[in-house]
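Step one of this worksheet: look at the structure below.
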Amino acid sequence: MKPISHFLTLALLANAFASAASAAMPPSDETDARQVVDKLFTGMRTGDSTAVRSVFTKTAALTSISKNAADSVITHKGSVDGFVKAVGTPHKEQWDERIYDVKVSIDGPMAVVWAPYKFYLGDKFSHCGVNVFNLIKTNTGWKINDITDTRRKDACP
């Protein structure tokens, strides 16, 4: 064999072994935590309340923060049960929450997912803001323990 053939053969073998090794590696906690958030939004888009319920802990909390016309901060606490019921109740327009620039931070059994979003009712823009998801790693995987979000109708990127 010529030296170039040896090099090419070795390069191809090294690439094959690297591909096999990366395919055998388990998903990372960051990937798994992100997939839980994605499953929530897929469930919202499809109206699948069972999928939505499955991503939350039993004691999960929801908080929304916005400002009124007088520029005062308003905090609204919601229940996961109410949210799940609303997702599963037939509605005319699809609930389409689109996240981007997602950041995931992990410390042991805790994950924080920071996700700016734009929310659409069908094709019509409704509002935007940032979601902050706090997740806990349970025996059955990552679960959302609480979500705090901001909401506004303007100054959306």
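With respect to (1) exposed (fewer than 11 other Cβ atoms within 10 Å of the Cβ); (2) touching a residue at least 40 places away in the same chain (Cβ under 8 Å), the lone exception for V102 is condition (1). For the criterion of being among the aromatic types (F, W, Y), closer than 30 Å to D29 by Cβ and modelled with pLDDT of 95 or more, F133 passes.
Applying the condition of being within 18 Å of T57 (Cα to Cα) and basic (K, R) to the range 124-152 and asking which residue is surrounded by the most Cβ atoms within 10 Å (Cβ to Cβ) yields K143. For the range 36-62, the set of residues classified as under 11 Å from L135 (Cβ atoms) and surrounded by fewer than 17 Cβ atoms within 10 Å (Cβ to Cβ) consists of T57 only.
Listed by first and then second residue, the pairs with beta-carbon distance under 6 Å, at least 6 apart or on different chains, first residue in the range 138-157 and more than 19 Å from C128 (Cα to Cα), second of a type in the set (F, W, Y), are I144/F56; I144/F133.
One line per residue, one yes/no per condition, for (1) surrounded by fewer than 11 Cβ atoms within 10 Å (Cβ to Cβ); (2) farther than 26 Å from D32 by Cβ; (3) in contact with a helix residue (DSSP H, G or I) (Cβ under 9 Å, 6 or more places away or on another chain):
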{"position": "S66", "(1), (2), (3)": "no, yes, no"}
{"position": "D107", "(1), (2), (3)": "yes, no, no"}
{"position": "G122", "(1), (2), (3)": "no, yes, no"}
{"position": "D154", "(1), (2), (3)": "yes, yes, no"}
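The values are calculated or read from the model by the stated rules, or taken from the named source; none is laboratory data. This structure is a prediction, so every number in the text was calculated from the model and none was measured. When we count neighbours, we look across all protein chains shown, and the Cβ atoms used for this are built from the backbone with ideal geometry, even at glycine.
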